[in-house]
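S.K.: Here you go, one structure.
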Amino acid sequence: DLTFGYAPDDPPALDGISFTLPQGHTLALVGASGAGKSTLVNLLLRFWDYEHGQITLGGRDAREYDQHEVRRLISVVGQSTYLFNTTIRDNIALARPDADQDAIERAARQAQVHDFIASLPQGYDTYTGEHGLNLSGGERQRLAIARAILKDAPILILDEPTANLDAVTEREVWQAIQPAIAGRTTLIITHRMSTIALADRVIVMDKGRIADAGSHEILLA
């Protein structure tokens, strides 16, 4: 029964929504821009606090967690990936600074970006450029997926991870995402029904409310 508004006089961005995401399952939230999907992500990550309703993580109210503790439990792959102007190795290792080269390469292989990195003259020592400008959008997203795999958090949020990609690259990135989902509690945020066949259950949101819910196949029909 989660309700949240940005200002007292504004209509609620989330209006009494309720759902359960079991451990190890994948849930997709689908809806047009303004449906409340990103608001929910920001509440989960404790960027804002809610007053009405409740979010529980592992049976414990999310407000009882320290913000840093919540963010240790959750990995996020968003629409745009921030890359520092340093090496590919360092950018992946942001998720776990103590990771050795073998762990970084394993994550990159799972994210289907290792072969691309190995083809570069300087390999993992290649500089990405400011904001990753030396890389394509698909390459940046696969590095973000490698970073999430390396972090190995129990909860994964995919917030429109392919929104800015062409159709071919989008398919490639979704293929790279599949190993990251395996065994993790995953929340997929998207506006496209066609991209969430990986989900066990789909919730359709509209103007802060749940408009429909069911399997991918049933909702497509």
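S.K.: Given a 1.4 Å probe, how much area per residue of the chain is accessible, in Å²?
M.R.: Per residue, the chain has an accessible area of 51 Å².
S.K.: For Phe116 and Asp200 in one chain, what is 0.36 nm times their gap in residues minus the Cα-Cα distance, to one decimal in nm?
M.R.: 27.1 nm
S.K.: Charges only on Cβ, +1 for Lys and Arg, -1 for Asp and Glu: so what's the dipole of the chain about the Cα centre, in debye to the nearest 20?
M.R.: Dipole magnitude for the chain comes out near 300 debye.
S.K.: For a quick protection proxy, order the peptides 138-150, 89-101 by their average other-Cβ count within 10 Å, most packed first.
M.R.: Averaged packing, sorted descending, gives the order 138-150, 89-101.
S.K.: Using a Förster distance of 45 Å, how high is the FRET efficiency between His52 and Thr126, based on the Cβ-Cβ distance and rounded to 0.05?
M.R.: In this case the efficiency is close to 0.40.
S.K.: If you take the beta carbon distance between Arg209 and Gln79 as r and set R0 to 22 Å, what does 1/(1 + (r/R0)^6) give as a FRET efficiency, to the nearest 0.05?
M.R.: Efficiency computed from Cβ-Cβ geometry: 0.40.
S.K.: Oh, and also: Ignoring ligands, DNA and RNA, what percent of the 1.4 Å accessible area of segment 1-156 is carbon and sulfur?
M.R.: 47
S.K.: Moving on. Springs between alpha-carbon pairs under 10 angstrom, Gaussian network model over the chain: which of Ser38, Ser80, Ser136 fluctuates most?
M.R.: Ser136
S.K.: On to the next question. With r defined as the distance between the Cβ atoms of Asp1 and Leu94 and R0 fixed at 35 Å, what FRET efficiency is calculated, to the nearest 0.05?
M.R.: For R0 = 35 Å, the calculated efficiency reads 0.45.
The values are calculated or read from the model by the stated rules, or taken from the named source; none is laboratory data. Only a predicted model underlies this, so the values are computations on that prediction, with no experimental measurement involved. All Cβ positions, even for glycine, are placed from backbone atoms using ideal geometry, and neighbour counts span all protein chains on display. We work out accessible area using only protein heavy atoms, side chains counted, and drop any ligands, DNA or RNA first. Shrake-Rupley method; radii C 1.70, N 1.55, O 1.52, S 1.80 Å.
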